[in-house]
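Enquirer: Structure provided below as structure tokens; questions to follow.
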Amino acid sequence: MSVTNKQKQLYTYKLQKHIMDIYLYNQKSKKNKKIKVNKLKKPRKGQVLWVNIEKKEGFNRIKDLFNIHPITADDCLKRNSRIKIETFEEYAFIITYGIKIIKNDLKKQEVDFILGKNFLITNHIDNKVDVISTLQKDEAAIPSLMQRGPDFLMQYIMDRLIESYFPACAKVDEEIDSVEGKIFKKVDSISLQKLYEHKQETMRLRRHTANHREVLINLTTKNNPYISQKAEIYFRDTYDKIIQLNDRLETLKEEVANIAETHTTLVSNKMNEIMKVLTVIATIMLPLSVIGSIYGMNFRYMPELTWKYGYPSVLGFMALIAISMLIYFRRKKWI
């Protein structure tokens, strides 16, 4: 169902330094109104507020207004926090991550959600998140989501963050296939190093999906007071995507393990080939060494030493032995 400007109103305020964006959706008022940060209040009945914070200064401006717990504030102001969900008296606090591919590297994008009954705060300090930037450019999508409630807005953003893992999985899968092809062509330490790096990436992505899975279980099955029954259905869809990601990453993990095993087998086979060649050489040289040792002894009476054709005869005999042994090894398919 489309939403017109006459039916719904969306108020937006942006600071000059762009430390935050404030969106207020009002179903009753028909007037456009700018909200200044110093006059920002908690939304009243019939209003839905979305505060999108990009700078530390922005979070410091709103933490007292929304009674943000010090533990929540500490998690919001630092990076690389653990994926989790915590429920407080006035809000639920959720930490999630998305993945962005930058120059063939996987970069994680942290987004913190503070979800209340009629407000949503998204926090991603000094970290531009493509999902939110794209949503902000869609003027029709924001009021459409906010009219249904802040939980629907959070689900929309979280769902897109989870979807960002699929291209990352595809990239890792493609690189694993490339390493696999190189291993069959040439066994070297570089391929093994790349394989190890892909294994680490796969494990890191699996840890993310496992933690997201716990968060979504909480949002869909534990009657969270800030998630409506209508929104639960959409969170279940996001949960299904996490299951798909987990299954795909499990497959990648097994594929990496199989390639590593194949690499070990190829290295072992190559070493066996080398040892076989060296063994054949040593076996051929053994009787030749015996002959050379016999004629190297300093006995006075050795008839062959004074024979005119002694030297070429011994060389010919040694060559005959070597050729005979090579023919024998070839027939036995040892070489």
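The values are calculated or read from the model by the stated rules, or taken from the named source; none is laboratory data. Remember, it's a predicted structure, so these values are computed and weren't measured experimentally. Please note: Cβ atoms are built from the backbone with ideal geometry, for glycine as well, and neighbour counts cover all protein chains shown.
Enquirer: Residue under question is residue 260, and the condition is that it be in contact (Cβ under 8 Å) with a residue 60 or more places away in the chain, more than 30 Å from residue 153 (Cβ to Cβ) and of a type in the set (A, V, I, L, M, F, W, C); does it hold?
Expert: So residue 260 passes the test.
Enquirer: Exactly one condition in (1) over 19 Å from the mean Cα position of the chain (by Cα); (2) part of a helix (DSSP H, G or I); (3) of a type in the set (A, V, I, L, M, F, W, C); (4) modelled with pLDDT of 90 or more is not met by residue 227; state its number.
Expert: Going through (1) over 19 Å from the mean Cα position of the chain (by Cα); (2) part of a helix (DSSP H, G or I); (3) of a type in the set (A, V, I, L, M, F, W, C); (4) modelled with pLDDT of 90 or more one by one, residue 227 breaks only (2).
Enquirer: Same structure, new question: Test residue 193 against the stated conditions and say whether it is farther than 30 Å from residue 144 by Cβ and free of Cβ contacts under 8 Å to residues at least 40 places away in the same chain. Write out each step before concluding.
Expert: On the way: farther than 30 Å from residue 144 by Cβ: yes; free of Cβ contacts under 8 Å to residues at least 40 places away in the same chain: yes.
It is true that residue 193 is farther than 30 Å from residue 144 by Cβ and free of Cβ contacts under 8 Å to residues at least 40 places away in the same chain.
Enquirer: Quick one: residue 117 ticks every box in (1) of a type in the set (Lys, Arg); (2) more than 18 Å from the chain's Cα centre (by Cα); (3) modelled with pLDDT under 90 except a single one, so which number is it?
Expert: Exception for residue 117: condition (3).
Enquirer: For residues in the stretch 6-49 being hydroxyl-bearing (Ser, Thr, Tyr) and at pLDDT 75 or above, which is surrounded by the fewest Cβ atoms within 10 Å (Cβ to Cβ)? Step through it out loud before you land on a result.
Expert: We begin by selecting, within the stretch 6-49, every residue hydroxyl-bearing (Ser, Thr, Tyr); these are 11-13, 23, 25, 29.
Of the ones still in play, those that are also at pLDDT 75 or above are 23, 25.
Numbers: 23: 20, 25: 26.
Only one residue tops the list, namely 23.
Enquirer: Taking residue 298 as the residue in question, decide whether it is at pLDDT 85 or above, loosely packed, with under 13 Cβ neighbours inside 10 Å, over 32 Å from the mean Cα position of the chain (by Cα) and not charged (D, E, K, R). Show your work before the answer.
Expert: On the way: at pLDDT 85 or above: no; loosely packed, with under 13 Cβ neighbours inside 10 Å: yes; over 32 Å from the mean Cα position of the chain (by Cα): yes; not charged (D, E, K, R): yes.
No: the conditions fail for residue 298.
Enquirer: Among the residues of the stretch 132-160, what is the count of those that are touching a Gly at 6+ places or on another chain (Cβ under 9 Å) and farther than 17 Å from residue 53 by Cα?
Expert: The qualifying residues number 1.
Enquirer: Continuing with the same structure: Of the residues that sit in the stretch 96-125 and are β-branched (Val, Ile, Thr) and in contact (Cβ under 8 Å) with a residue 60 or more places away in the chain, which one is nearest to residue 49 (Cα to Cα)? Before you say what the answer is, go through the steps one by one.
Expert: Keep residues of the stretch 96-125 that are β-branched (Val, Ile, Thr), which gives 96, 99, 101-102, 111, 114, 121-122, 125.
Filter once more, so that each one left must be in contact (Cβ under 8 Å) with a residue 60 or more places away in the chain: 96, 99, 101, 121-122, 125.
Values: 96: 20, 99: 27, 101: 31, 121: 8, 122: 11, 125: 19 Å.
Only one residue fits best here, namely 121.
Enquirer: Also: Being surrounded by 20 or more Cβ atoms within 10 Å (Cβ to Cβ) and in the same structural domain as residue 19 (by TED's automatic domain parsing) narrows it down to one of 94, 125, 71, 102, so name that one. If you could, list the steps in order and put the result at the bottom.
Expert: Working: 125 fails: surrounded by 20 or more Cβ atoms within 10 Å (Cβ to Cβ); 71 fails: surrounded by 20 or more Cβ atoms within 10 Å (Cβ to Cβ); 102 fails: surrounded by 20 or more Cβ atoms within 10 Å (Cβ to Cβ).
Answer to the check: 94.
Enquirer: Within the set of pairs 6+ apart or on separate chains, which have a first residue in the stretch 154-180 that is buried (at least 20 other Cβ atoms within 10 Å of the Cβ), a second that is polar (S, T, N, Q) and outside any helix (DSSP H, G or I), and C-beta atoms under 7 Å apart?
Expert: 157/122; 158/96; 161/96
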